[in-house]
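Only one structure is covered here, and it is reproduced in the block below.
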Amino acid sequence: MLTVSPQLKAARIFENLSPAELYEHALARGEGVFGADGQLLVDTGEHTGRSPNDKFFVREPSSEAHIAWGKTNK
């Protein structure tokens with residue numbers, strides 16, 4: 001087994017897969033289904049966006065007056 005980092009272990013790593021190969025893997029693992037027009041449909045679960053705590057703006061003269069700086073916008 002390959003250890004990429006202490007938190008991530010992988011028995012096999014795939015690189016540069018084509019869209020068709022990505023579809024095949026997702027379908028084989030039960031991670032998605034085909035839509036009526038051939039698109040891959042997946043359920044992203046309850047949490048689909050980035051946490052506001054994971055976003056930040058660079059405070060510089062060009063943005064200083066256009067952003068309401070505070071707890072949320074940092």
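Here, each number is a calculation from the coordinates, and none is a lab measurement. If you're wondering where the values come from, they're calculated on a predicted model, not measured in any experiment. Positions of Cβ are backbone-derived with ideal geometry, glycine not excepted, and every protein chain shown enters the neighbour counts.
Okay, here's what the table says:
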item	result
Positive dipole terminus of the chain, leading residue within 25, 51, 39 (C-beta point charges)	51
The chain - Rg (one decimal) and Dmax (whole number), Cα, Å	19.8, 52
Over the chain, relative contact order from alpha-carbon pairs under 8 Å, at least 6 apart, %	14
Fewest-first sequence of 34, 56 by Cβ atoms within 10 Å of each Cβ	56, 34
Sequence-distant residues sharing a close amide H with residue 40 (under 5 Å, placed H)	35
Residue order, fewest to most beta carbons within 10 Å, for 59, 29	29, 59
Amide H contacts under 5 Å for residue 73, placed H, 5+ residues apart	none
Packing-based exposure ordering (other Cβ within 10 Å, fewest first) of 67, 13	13, 67
